């Protein structure tokens, strides 16, 4: 970086700006990949980076016991209001995803819709270590993240299948990495992706130890 380059915008400020309007990922419903996988998402579920709660609330409506985590207050307020309006109980917590290992609970499953691809390499390692404290052996983690097959460089970091395998090489088994689509709100400047949505990976990972 040269001395004339602007300083990176902190993640909290960047995401707060998205939620001040309508974030590109705010489609108002769960991403289709999670709906398709719902039968495998069982028991006590931790929804990481839950935002306004679309996935967490939907899973609770399907009978799961759900805790949603996000680091911003504004989307969590919307999530709580939405859950109350729909008559479902979800435990929403405000905390940094890298600190979720401090939660004094264990979970049967965790969902990550668009969070994994926001981390740099060091953050990714901290995140995986935190998840290892929360998931019982045999529990599963479900991730929807941006694929390296999505053209361009704008938006989230692209993730390769090899990077996913490397991140979860110890204490986990990557059961599947399948091509998927990350639906986005059309017409938002700077969030133009492939037709029908950004190319993504839907990943199923089992905790082995």
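Below is a table of values for the structure above.
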quantity	calculated
Flag if residue 93 is surrounded by 22 or more Cβ atoms within 10 Å (Cβ to Cβ), at pLDDT 95 or above, in contact with a strand residue (DSSP E or B) (Cβ under 6 Å, 6 or more places away or on another chain) and farther than 14 Å from residue 207 by Cβ	no
The range 122-140, residues that are without any contact (Cβ under 8 Å) to a residue 24 or more places away in the chain and in contact with a helix residue (DSSP H, G or I) (Cβ under 7 Å, 6 or more places away or on another chain)	none
Filtered residue count, the range 38-63, keeping only those that are surrounded by fewer than 21 Cβ atoms within 10 Å (Cβ to Cβ) and at negative phi	8
Restricting the range 106-131 to residues that are over 22 Å from residue 200 (Cβ atoms) and in contact with a strand residue (DSSP E or B) (Cβ under 7 Å, 6 or more places away or on another chain), the residue that is surrounded by the fewest Cβ atoms within 10 Å (Cβ to Cβ)	106
Restricting the range 182-209 to residues that are modelled with pLDDT of 95 or more and surrounded by fewer than 20 Cβ atoms within 10 Å (Cβ to Cβ), the residue that is nearest to residue 28 (Cα to Cα)	199
Residues being assigned to a loop (DSSP other than H, G, I, E, B), in contact (Cβ under 8 Å) with a residue 24 or more places away in the chain and under 18 Å from the mean Cα position of the chain (by Cα) - total across the range 164-199	5
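The values are calculated or read from the model by the stated rules, or taken from the named source; none is laboratory data. A quick note: this is a predicted structure, and the numbers were derived from the prediction, not measured. Because the Cβ atoms are built from the backbone with ideal geometry, glycine has one as well, and the counts that use them run over all protein chains shown.
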